[in-house]
Amino acid sequence: MTEIIQHLVDAAGLASLYALLALPVALVYGIMNLVNFAHGELIMIGAYGLFIFAAITLPLAAFLALVIVVLAALAMERAAFRPVRGSSPETLLVTSFAVSFLLQNAALMIFGSRPKSVETPSLFSQTVTIGGVHIEGVTILSVGLAVICIGGLVIFMKRTAFGMAMRAAAEDFTMARLVGIRANAVISGTFAISGVGAGVAAFILVVQGGSAFATMGLTPVIIAFVATMMGGLGSFSGALIGAALLGAGTVAFDVLLPTQLRSSREAFVYGAVLVVLLIRPQGLVPARRERV
Amino acid sequence: MGVERDPGSGPELVAAGVCVHFEGVKAVDGVDLTLRRGEVLGLVGPNGAGKTTLVNSLTGFETPTAGSVHLGDRDVTGMPAARLARLGVARTFQSGRLFDHLTVLENVEAAALTGHRTRRRAVVHATSVLEMLELSHIASRRARELSHGESRNVELGRLIATGPTFMLLDEPAAGLNEAESDQLTALIASLPERLDCGVLIIEHDMRVIMRLCHRIQVLDHGKTIALGTPEAIRADPVVSEAYLGSVERDAAS
């Protein structure tokens, strides 16, 4: 029993992080059909932000890094994606590849290829034991931040005028503009939100890994895609379900695979994802709109 | 109905010599049209006469090949639809497009946001629009669960919530039963006065057109063949001989 609870706790930790990765990608896709591969570089920027400001106290460093990521997300939209807005999804995707490589190489030039280690409080590396179940500090951090962010996002979408506009635009962008919703405002706002997601994820990843490096966005962004694809691109709840399944699947394979196969756990996880996508190419919760 | 009224004051929506050509086909071929505030203008004509294309070019969905569109003194020829909508020229579509997963109230709210910056004020405005359309009882239903008639009404509500000066309605009564159609007709008839706006309506049902419109403009093959009061149009030999009979058969089928 304790063991099962232990696995559930581990899965919750992973799923929380994955949800924080997947949601912003799903939101941006829902609004403008852009699969933003450069989302990973927003995370990287956040991590370097933490590195730069780490000398100050951590809460302030986290806040400043978050501000920088949001500004970077807004700049990215303005400079790279606005000019190609309305182009085919392929064009948008390739644009995001270009942005991604550009930012990665800029980071290599500025910070070099060696990871920059970031001191984080030992608080997060401690483990709490409750009734035989070990809970790592970083797990508590991930779950806590995910609950706050997702809850905040849901309230924002339901209660505020801007959230209302975003929901309408996600269903039918053209129609939303025709009833007076401003495209630029909605898209900028969505990117700002994706920046918040990237900044929070960067914080967790830095606490987990202890360093910032130029290519650190790649794995998270792939996880984000896989989770959103599984759930159904562009659907909010789909991204959450995809993240939960991916987290649970990873832990399940970790537990069930014989020891000698455990190191290739990821291969099994993504193999399972392939099977899901073969059976349900639209994802588990297909996005709910036709585009014009 | 159909009595000449004092045309509303304020800017008019004016098309002058509008042509829309598609690869040699003259869908609209030099049409003049004036829509005034306070009136309902009927735009009728057989299928393919160019009615929807003309409305498209008045609302920014089609750039005229030649001619101009003015909103008051302002030249709005070829202006994008979203901008025109913000200037108060708004339309419905033959296929009503609601935000399917939002509730009826939220659909109208989304449109009310423009003029009412805060969510709370948008809700108040949207609620009053739904009351006016007698749709309050379905306010919390999701748009995709609505009947065809209900969704047409909600679409109209969403349009009204944007506070348009000119509303262009493309076959609003299509697919409605007689009772629904009558109710919608009564509602549309009340709009110019209630909202101080001008309404242009494309409709095949001549019963609706005759009851509703202050003026009727008849198109055929992309040209205006008649323009006048319902009485004048009914009496016009060109229209009644060549056209109205066939439309009434269309509508009956």
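The values are calculated or read from the model by the stated rules, or taken from the named source; none is laboratory data. Everything quoted here is computed from the prediction, not taken from an experiment. Glycine also receives a Cβ, built like all others from the backbone with ideal geometry; neighbour counts cover every protein chain displayed.
When the range A:160-186 is limited to residues that are buried (at least 20 other Cβ atoms within 10 Å of the Cβ) and among the β-branched types (Val, Ile, Thr), the one that is farthest from the other protein chains (Cβ to nearest Cβ) turns out to be A:Val186. Which residue, of B:Thr103, B:Thr114, is of a type in the set (S, T, N, Q), closer than 18 Å to A:Asn184 by Cα and either facing chain A (nearest Cβ under 7 Å) or in contact with a Lys or Arg (Cβ under 7 Å, 6 or more places away or on another chain) (or both)? So the residue among B:Thr103, B:Thr114 that is of a type in the set (S, T, N, Q), closer than 18 Å to A:Asn184 by Cα and either facing chain A (nearest Cβ under 7 Å) or in contact with a Lys or Arg (Cβ under 7 Å, 6 or more places away or on another chain) (or both) is B:Thr114. Condition check: surrounded by fewer than 21 Cβ atoms within 10 Å (Cβ to Cβ), away from every other protein chain (no Cβ under 13 Å) and either touching an Asp or Glu at 6+ places or on another chain (Cβ under 7 Å) or part of a helix (DSSP H, G or I) (or both). Does B:Ser68 satisfy that? Yes; evaluated as a whole, the condition is true for this residue. Would you please name the residue that is surrounded by the fewest Cβ atoms within 10 Å (Cβ to Cβ), looking only at residues in the range B:142-168 that are of a type in the set (S, T, N, Q) and touching a helix residue (DSSP H, G or I) at 6+ places or on another chain (Cβ under 8 Å)? Within the range B:142-168, the match that is surrounded by the fewest Cβ atoms within 10 Å (Cβ to Cβ) is B:Ser151.
Is it the case, given these coordinates, that B:Val76 is more than 13 Å from chain A (Cβ to nearest Cβ), in contact with a helix residue (DSSP H, G or I) (Cβ under 9 Å, 6 or more places away or on another chain), over 18 Å from A:Lys158 (Cβ atoms) and at pLDDT 90 or above? Before the answer, list the steps.
Working: more than 13 Å from chain A (Cβ to nearest Cβ): yes; in contact with a helix residue (DSSP H, G or I) (Cβ under 9 Å, 6 or more places away or on another chain): yes; over 18 Å from A:Lys158 (Cβ atoms): yes; at pLDDT 90 or above: yes.
Judged against the criteria, B:Val76 is a match.
A single member of B:Ile138, B:Ile202 is at pLDDT 90 or above, more than 9 Å from every other protein chain (Cβ to nearest Cβ) and within 30 Å of B:Leu71 (Cα to Cα), and it is B:Ile202. The set of residues in the range A:233-272 that are part of a loop (DSSP other than H, G, I, E, B) and within 23 Å of A:Leu42 (Cα to Cα) comprises A:Leu233, A:Gly234, A:Ser235. Just one of the listed residues (B:Ala179, B:Ala174) is over 19 Å from A:Met175 (Cα atoms) and assigned to a loop (DSSP other than H, G, I, E, B), namely B:Ala174.
The condition of being within 30 Å of A:Leu274 (Cβ to Cβ), surrounded by fewer than 24 Cβ atoms within 10 Å (Cβ to Cβ) and among the aliphatic types (A, V, I, L, M) holds for only one of A:Val147, A:Val226, A:Val196, A:Val221, that being A:Val226. Residues satisfying the criterion are present in the range A:100-114 (criterion: β-branched (Val, Ile, Thr) and over 27 Å from A:Phe225 (Cα atoms)).
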